[in-house]
Amino acid sequence: MVDTNDMYSMVKEFPGLLTKYKLGNEIQETCGRIGDEGLNGIVIIGMGGSAIAGLYVQSLFKESASIPVLTNLDYTLPAFVDSNWMTIAVSYSGNTEETLAAYNEAIKRDSPTFIIASAGELISKDNCLRKIKIIEGYQPRAAFPLIFTPILNLIECAMGLKPTQLENIADSLSKKIVEWESSPLAPRNFAQDLVGSAPVFIGSKHLVPVAYRAKCQINENAKTMAFFSEIPEANHNEIESFTARNEFEILPIFLRSLYEDTWIQKRMNITAELYEEEGYSPVRLSIRNSSKLEEMLALTLYLDLVSVEFAQIRKVDPLSIERIIKLKNELNKDRQKL
Ligand code: F6R
């Protein structure tokens, strides 16, 4: 049994959690039927650790889907979401107010809606199409793999695709955890290199959400500043901030993909060289893999481990999220006064 009081052991559960939930026949049929009836789009609603899996799936479908797949991180929904859009509402705790508000809005608009939650108000709703109840006890951000697979498979079913089975990737990730430990790439070594600087994780295409996740994991687990950006967009603005005259210690970390096309590859290389010329020490991170999906998940797992190691080096508790809780409590107090 995993120790949910220990972020490190929760993160090590990642491969196993990826294959924990399989969609039953009934839910697959419901989803397939909705897709066959004709959808104008799919929206995933959630916040923080519950939304990140939506951003991954959105990026996986970005170039291949014939309808938009959007992740909505807000109280409100775009006006175009209506009964021809499918909604997937995700909240690990089931009590996130933005997600509950957007969920109620989706129901009002007659959008066929699925719920993924472990507890709380969301899981007790009875006005959705189907619910997927995931296990309780994890931190939402550590529940990423528990949430990722059902979202991916629901969207695949709605698009008439066979649900991806993640067993092979999970096996490969389990082996990687062991290999990394005894290699120069040990997450502890990488975390050591982050000491004293603010990392900027830079990705392109399917590695943009991975860069964003890495930033959030450093923020929440290691409790320090981190940033993310994306190529090519960063070549049109952020590149100007990497000058020799910077007052802050910034560490650019390029998440390199084995699937970069020639122009992205050139941009990544030239950008790193320019940063080097200005006195920065860019890190190029890539991980052996056999598909884009495995690449996303392997880098995620690796950087999750780095964020926990970094927390240990910084002597902070990777589990605690005092400020997030304080903010939620303050909002609740104000809500009760209404
Ligand atoms: C906590 C975390 C947060 C939560 C967010 C939304 O581990 O990662 O970002 O995910 O506050 O809460 P849930 O996920 O319960 O809807």
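The values are calculated or read from the model by the stated rules, or taken from the named source; none is laboratory data. Because the structure is predicted, anything quoted here is derived from the model rather than measured. Virtual Cβ from ideal backbone geometry, glycine too; neighbours counted across all protein chains shown. Protein only, heavy atoms only, side chains kept; ligands, DNA and RNA dropped before computing areas. Shrake-Rupley method; radii C 1.70, N 1.55, O 1.52, S 1.80 Å.
List every residue pair whose Cβ atoms lie under 6 Å apart, where the two residues are 6 or more positions apart in sequence or sit on different chains, the first residue falls within segment 220-235 and is open to solvent by less than 60 Å² (accessible area, probe 1.4 Å), and the second residue, located anywhere, is in a helix (DSSP H, G or I) and of a type in the set (Phe, Trp, Tyr).
ALA222/PHE310
Could you run through segment 40-54 and say how many residues are assigned to a loop (DSSP other than H, G, I, E, B), within 7 Å of the ligand (Cβ to nearest atom) and open to solvent by 10 Å² or more (accessible area, probe 1.4 Å)?
Of the residues in that region, 1 qualify.
Can you tell me which residue is modelled with the lowest pLDDT among those in segment 300-329 that are open to solvent by 90 Å² or more (accessible area, probe 1.4 Å) and of a type in the set (D, E, K, R)?
LYS328
Can you name every residue in segment 120-162 that is without any contact (Cβ under 8 Å) to a residue 60 or more places away in the chain, surrounded by fewer than 18 Cβ atoms within 10 Å (Cβ to Cβ) and more than 16 Å from the ligand (Cβ to nearest atom)?
If the condition is that a residue be without any contact (Cβ under 8 Å) to a residue 60 or more places away in the chain, surrounded by fewer than 18 Cβ atoms within 10 Å (Cβ to Cβ) and more than 16 Å from the ligand (Cβ to nearest atom), then ASP126, ASN127, LEU161, LYS162 are the ones that fit.
Considering only segment 252-259, I want to know if a residue exists there that is surrounded by fewer than 19 Cβ atoms within 10 Å (Cβ to Cβ) and not in a strand (DSSP E or B).
Yes, that holds for at least one residue.
Just wondering, is there one or more residues in segment 284-300 that are in contact (Cβ under 8 Å) with a residue 40 or more places away in the chain and within 16 Å of the ligand (Cβ to nearest atom)?
Taking every residue of segment 284-300 in turn, at least one turns out to be in contact (Cβ under 8 Å) with a residue 40 or more places away in the chain and within 16 Å of the ligand (Cβ to nearest atom).
What's the number of the only condition in (1) touching a helix residue (DSSP H, G or I) at 6+ places or on another chain (Cβ under 8 Å); (2) away from the ligand (no atom under 16 Å from the Cβ); (3) in a helix (DSSP H, G or I); (4) open to solvent by less than 10 Å² (accessible area, probe 1.4 Å) that PRO199 fails to meet?
Among (1) touching a helix residue (DSSP H, G or I) at 6+ places or on another chain (Cβ under 8 Å); (2) away from the ligand (no atom under 16 Å from the Cβ); (3) in a helix (DSSP H, G or I); (4) open to solvent by less than 10 Å² (accessible area, probe 1.4 Å), the lone unmet condition for PRO199 is (3).
Considering only segment 63-96, state which residues are farther than 15 Å from GLY35 by Cα, open to solvent by 40 Å² or more (accessible area, probe 1.4 Å) and either within 16 Å of the ligand (Cβ to nearest atom) or not in a strand (DSSP E or B) (or both).
Answer for segment 63-96, where residues must be farther than 15 Å from GLY35 by Cα, open to solvent by 40 Å² or more (accessible area, probe 1.4 Å) and either within 16 Å of the ligand (Cβ to nearest atom) or not in a strand (DSSP E or B) (or both): GLU63, SER64, LEU73, ASP74, TYR75, THR76, ALA79, PHE80, SER93, ASN95.
Could you give me the residue pairs with C-beta distances under 6 Å whose first residue belongs to segment 254-277 and is within 22 Å of MET296 (Cα to Cα), whose second residue is of a type in the set (Ser, Thr, Tyr) and open to solvent by less than 80 Å² (accessible area, probe 1.4 Å) wherever it lies, and which are 6+ apart or on separate chains?
ARG256/SER286; ILE264/SER204
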